[in-house]
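Asker: Sharing a structure, written as structure tokens. Questions coming.
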Amino acid sequence: MCGIVGYLGNGDAYPILIKGLKRLEYRGYDSAGVAILENGDLSLFKCKGKVVDLENIVDEDSKTGGIGIGHTRWATHGVPNDVNAHPHLSGDGKLALIHNGIIENYASIKEELKSRGHIFHSETDTEVLVHFIEDVRSKLNVSLFEAVRIALSEVHGAYAIVVLDRENPNQLVAAKKSSPLVIGVGKNDDYYIASDASPIIEYTKNVVYLDDEEVALMDRKEGLKIVTIQNQAKTPYIQALELKLEAIEKGGYDSFMLKEIHEQPRSIRDSFRGRINIQNGFVKMSGIDDYRDKWLNAKRIIIVACGTSWHAGLVAEYLFEDFARIPVEVEYASEFRYRNPVIFPDDIVIAISQSGETADTLAAIELAKQKGAFIFGVCNVVGSTISRSTHSGAYTHAGPEIGVASTKAFTAQVTVLYQLALGVAQVRGTIEQKDVIKLMAELNAVPDQVEVALKSNDHVKEIAAIYKDSRNALYLGRGYSFPVALEGALKLKEISYIHAEGYPAAEMKHGPIALIDEEMPVFVIATQGQSYEKVVSNIQEVKARKGKIIAVVTAGDKTVSELADHTIEIPKTDDTLVPIISVIPFQLLAYHVAVMRGCNVDQPRNLAKSVTVE
Ligand code: M6R
């Protein structure tokens, strides 16, 4: 979603803003803009489209100046166009503001301001906010820092903002609530502000993550000052950034998605390295060790997540039930938060999120917290809002995921949840040690098996070429492979715009079978294991209706190969680990289909990488 970059320092802001906005492109956006201040002149450029379109409209004279703000907008209030793009100016033209989030009570504030003569040019809530700050500043005759704090105390909703004052080239003011914002503190008191650390990493490793309802003043003379909306002073907590620049670059691949698909042997290994001891079969996770009683006494686990993370949650449901014998409910965070869910103090809520910023998941956590549940987070982004809002948790160690379609985050999430389920089962005494040792050895083999699965790339590409013009596709799986069917369908639809649906294979006969004809590709996970024979029967049902079968099978399989139109082999593993390997061909397939259809795989239309609005 919207990306924010700000700079106050001794260099020129423009190149830093543009490079930073490009680093944030992965978040998804539809328009872009910058405001730069030099010698009292405020230059404002903004347009619908990409950052390169913005570069084309910025004139050479405006590219100097040591203070500026830049933004990529993902439309919420008002269509994507030049006027609605950020930055927005106050009525007197002195303040420029960029904003990520939604001001929920903007309509009433707007009416009030209009009645006092304010004129608005855009449809955005952001323009209302900058007028409101201007209004507070002039009415109360306070500093910009103070005006921002007071105005935000009246605002409902989510925001990350940066404000620049034409009459004060020495200051930037930033604030956040429910949308991320990080401040980099560079050499010679240079300040960098961004929605995540990727625009900052090459300038400084010293960062301050703003907490909710904090307002920060960056001043050339006074340095960095932070207060809460309630006006309590806070000491800025500067921490070292661990992110590496290579991790956020494409490294020779055509797209981030392809790079991230190929990173999975490493990211899966990193997600279990140091956490399992295969020789003696122990799981070492502080989130289990420090809260043994919670896990021991838990009556139920509720998993809250969205999208791909929700699919990882479905795999975890089977794992916790199989290994730890705890009842599990997997909830869409967006539904959970608006119900009146029954939550008991001995429930454990597991929140899964790659970005750690998903607004719905965050709201579900807050609700469960209020009701007294213990919250465990599984996040990828270190220092993200969700990782800081939970009681305990485990990072996935997938490294930065830039492609909007989640790939390596999914396999890393399942890997972490796998260990968690095993470790909790040990605490509860529901699994035999010999089984733990065997499963750990199988898990240890998974990165190499994923490497083998990635070798199917050329074969998958040939299959993609055959089905790239399909209008619909069905994905089927049973047991542990059902969530993978959902994930395969999501990957295809989100980056290639082909309508695809995932179903439990046996559910097909209750409706979707009506769709099957010779035009319909049906992707089936038919690996050898518990439901193998049943899935073979489902394949026969599809073939009897002339559907096309593309089956992911265990290496060496003969039965399905004789029935299917195409097979893709993956190495044999335990049923419980199949999702981590069988998802690989589906990721590759979606990637190749999207490329062949001319789609932008890293930034699919209408989508954002971190969904920070409800
Ligand atoms: O960052 P999160 O894991 O919380 O994001 C959840 C979903 O928005 C995300 O998985 C989305 O569905 C992806 N585009 C899937 O590829």
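The values are calculated or read from the model by the stated rules, or taken from the named source; none is laboratory data. These numbers come from a predicted model, not from an experiment. Quick reminder, even Gly has a Cβ in these numbers, built from the backbone with ideal geometry, and neighbours come from all protein chains shown. Ligands, DNA and RNA are excluded from the accessible area calculation, which covers all protein heavy atoms including side chains. Shrake-Rupley method; radii C 1.70, N 1.55, O 1.52, S 1.80 Å.
Asker: Quick one: what pairs do we get from region 22-41, first residue outside the structural domain of ASP82 (by TED's automatic domain parsing), second of a type in the set (A, V, I, L, M), C-beta under 8 Å, 6+ apart or different chains?
Answerer: As it stands, the answer is none, since no pair meets every condition given.
Asker: Something else: Which helices (runs of 4 or more DSSP H) does region 276-326 wholly contain that include 2 or more residues that are among the aliphatic types (A, V, I, L, M) and either open to solvent by 60 Å² or more (accessible area, probe 1.4 Å) or not assigned by TED's automatic domain parsing to the domain that holds VAL484 (or both)?
Answerer: Correct list: 307-319.
Asker: Let me ask something else about it. Going residue by residue through region 133-152, is there one that turns out to be touching a residue at least 24 places away in the same chain (Cβ under 8 Å) and in contact with a Pro (Cβ under 9 Å, 6 or more places away or on another chain)?
Answerer: Checking region 133-152: not a single residue is touching a residue at least 24 places away in the same chain (Cβ under 8 Å) and in contact with a Pro (Cβ under 9 Å, 6 or more places away or on another chain).
Asker: Of the residues PHE344, PHE320, which single one is more than 16 Å from the ligand (Cβ to nearest atom) and at pLDDT 95 or above?
Answerer: Result: PHE320 is the single residue among PHE344, PHE320 that is more than 16 Å from the ligand (Cβ to nearest atom) and at pLDDT 95 or above.
Asker: Kindly evaluate ASP360 against the criterion of being over 20 Å from LEU577 (Cα atoms), in contact with a Cys (Cβ under 6 Å, 6 or more places away or on another chain) and open to solvent by 20 Å² or more (accessible area, probe 1.4 Å). Show your work before the answer.
Answerer: Values: over 20 Å from LEU577 (Cα atoms): yes; in contact with a Cys (Cβ under 6 Å, 6 or more places away or on another chain): yes; open to solvent by 20 Å² or more (accessible area, probe 1.4 Å): yes.
Criteria met by ASP360.
Asker: For the structure I just gave you, tell me whether VAL330 is β-branched (Val, Ile, Thr) and surrounded by fewer than 24 Cβ atoms within 10 Å (Cβ to Cβ).
Answerer: Judged against the criteria, VAL330 is a match.
Asker: Exactly one of (1) outside any loop (DSSP other than H, G, I, E, B); (2) more than 16 Å from the ligand (Cβ to nearest atom); (3) not hydroxyl-bearing (Ser, Thr, Tyr) is unmet by VAL378. Its number?
Answerer: Here VAL378 clears every test but (2).
Asker: Same structure, new question: Do we find that ASP189 is of a type in the set (Asp, Glu) and closer than 26 Å to GLY157 by Cβ in this structure?
Answerer: Considered against the rule, which asks whether it is of a type in the set (Asp, Glu) and closer than 26 Å to GLY157 by Cβ, ASP189 comes out as no.
Asker: Now a separate question. Looking only at region 187-202, how many residues end up being modelled with pLDDT of 95 or more and either of a type in the set (Asp, Glu) or surrounded by fewer than 19 Cβ atoms within 10 Å (Cβ to Cβ) (or both)?
Answerer: Going through region 187-202 one residue at a time, the tally reaches 1.
Asker: Related question: Report those strands (runs of 3 or more DSSP E) wholly inside region 1-87 carrying at least 2 residues which are touching an Asp or Glu at 6+ places or on another chain (Cβ under 8 Å), surrounded by fewer than 24 Cβ atoms within 10 Å (Cβ to Cβ) and not aromatic (Phe, Trp, Tyr).
Answerer: Values: elements: 3-8, 31-38, 41-48, 67-73.
By residue number, 41-48.
Asker: Where in region 381-483 are there helices (runs of 4 or more DSSP H), lying wholly inside it, with at least 2 residues that are within 30 Å of SER178 (Cβ to Cβ), open to solvent by less than 10 Å² (accessible area, probe 1.4 Å) and hydroxyl-bearing (Ser, Thr, Tyr)?
Answerer: So the answer is 408-428.
Asker: Could you list all residues from region 166-202 that are under 26 Å from the mean Cα position of the chain (by Cα) and aliphatic (A, V, I, L, M)?
Answerer: Answer for region 166-202, where residues must be under 26 Å from the mean Cα position of the chain (by Cα) and aliphatic (A, V, I, L, M): ALA174, ALA175, LEU181, VAL182, ILE183, VAL185, ILE193, ALA194, ALA197, ILE200, ILE201.
Asker: Does any residue in region 45-57 that is on the phi < 0 side of the Ramachandran plot come within less than 6 Å, Cβ to Cβ, of a residue that is open to solvent by 80 Å² or more (accessible area, probe 1.4 Å) and part of a helix (DSSP H, G or I) six or more places away or on a different chain, and which pairs are these?
Answerer: VAL51/LYS22
Asker: May I ask you to list the residues in region 268-291 that are in contact with a helix residue (DSSP H, G or I) (Cβ under 6 Å, 6 or more places away or on another chain), at negative phi and not aromatic (Phe, Trp, Tyr)?
Answerer: Here is the first cut: in region 268-291, the ones in contact with a helix residue (DSSP H, G or I) (Cβ under 6 Å, 6 or more places away or on another chain) are 268-269, 271-272, 275-276, 278, 281, 283, 285, 288.
Now restrict to residues that are at negative phi: 268-269, 271-272, 275-276, 278, 283, 285, 288.
Those that are in contact with a helix residue (DSSP H, G or I) (Cβ under 6 Å, 6 or more places away or on another chain), at negative phi and not aromatic (Phe, Trp, Tyr): ILE268, ARG269, SER271, ARG275, ILE276, ILE278, VAL283, MET285, ILE288.
Asker: Which of the residues spanning region 116-137 are within 19 Å of ALA175 (Cβ to Cβ) and surrounded by fewer than 14 Cβ atoms within 10 Å (Cβ to Cβ)?
Answerer: Those that are within 19 Å of ALA175 (Cβ to Cβ) and surrounded by fewer than 14 Cβ atoms within 10 Å (Cβ to Cβ): none in region 116-137.
Asker: How many residues does region 226-253 hold that are part of a loop (DSSP other than H, G, I, E, B) and in contact (Cβ under 8 Å) with a residue 60 or more places away in the chain?
Answerer: 5
Asker: Just checking, how many residues over region 355-387 are polar (S, T, N, Q) and free of Cβ contacts under 8 Å to residues at least 60 places away in the same chain?
Answerer: Number satisfying all stated conditions: 4.
Asker: Still on this structure, please answer the following. I'd like the residue in region 405-424 that is within 20 Å of GLN587 (Cα to Cα) and of a type in the set (S, T, N, Q) and, out of all such residues, is nearest to the ligand (Cβ to nearest atom).
Answerer: Top of the filtered list is SER406.
Asker: Taking region 471-492, which residues are touching a Ser or Thr at 6+ places or on another chain (Cβ under 6 Å) and either of a type in the set (A, V, I, L, M) or free of Cβ contacts under 8 Å to residues at least 24 places away in the same chain (or both)?
Answerer: VAL484
Asker: If you go through region 236-272 one residue at a time, how many are at pLDDT below 90 and under 21 Å from TYR395 (Cβ atoms)?
Answerer: Looking only at that region, the number is 8.
Asker: So in region 88-115, with the set limited to residues that are part of a helix (DSSP H, G or I) and of a type in the set (A, V, I, L, M), which one is least open to solvent (accessible area, probe 1.4 Å)?
Answerer: Within region 88-115, the subset part of a helix (DSSP H, G or I) is 106-115.
Imposing the further condition that a residue be of a type in the set (A, V, I, L, M) reduces the set to 107, 109, 113.
On the way: ALA107: 54, ILE109: 21, LEU113: 2 Å².
Within region 88-115, the match that is least open to solvent (accessible area, probe 1.4 Å) is LEU113.
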